[in-house]
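Below: one structure, written as structure tokens.
Each reported figure results from applying straightforward, stated rules to the coordinates on display, with no laboratory input. Note that the structure is a prediction, hence the values are computed from the model and not measured. Here the Cβ positions follow ideal geometry from the backbone for every residue, glycine too, while neighbour counts run over all protein chains shown.
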Amino acid sequence: MNNEQLSHVENFVLTHDQYGEVRFHQPVDLTSAENGIVLNNIVVFKEREIDVYPQEENYDQTNLKKKKKAQERKRIPRPDVGHGLNVEAEVELLHVWPKDSTGKFVQGRKAVRQYEKQVEAATKRVGARLVRYEATTGRWIFHVDHF
């Protein structure tokens, strides 16, 4: 693709086989990828989360492993809303199974419903809108206006 085509990519989807995908609902500008910026440094999938344009301050200062990993990545400044990948999107995270505070899988309707409420709260906390959470499949789908 040439720069003109890269500046307006429609229906762009980034997928991570283990963690999920993000589907962009607006055309995205990938010209920064043409200039040597790796998309893996812009969109980082992790267990139960996605970080688009990760910033070092997003990492717990006491967690040295995450901090070191963040420092190894080339920090990409987050563009203004509506530019780059900072646009409306739908995120689907996989393997988000109901667990309790100790990390053990929960069973039973009441425990699963409590976990569903935690997923709803986490979705709101990051400024997103819950599309659906499927406890039986571990799929958490939410919509963001931008990152």
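For the reader, a short list of remarks on this structure follows.
- Karplus-derived HN-Hα couplings along the stretch 122-127 (A = 6.51, B = -1.76, C = 1.60, θ = phi - 60°), whole Hz, x at Gly and Pro: 5, 5, 5, 4, 8, x
- R0 of 30 Å, Cβ-Cβ distance Glu10-Asp51: FRET efficiency to nearest 0.05: 0.80
- Amide hydrogen neighbours beyond the local backbone of Lys46, cut-off 5 Å, H modeled: Asp51
- The gain in end-to-end length when the Asp17 to Val106 segment is fully stretched comes to 29.6 nm, 0.36 nm per residue minus the alpha carbon separation.
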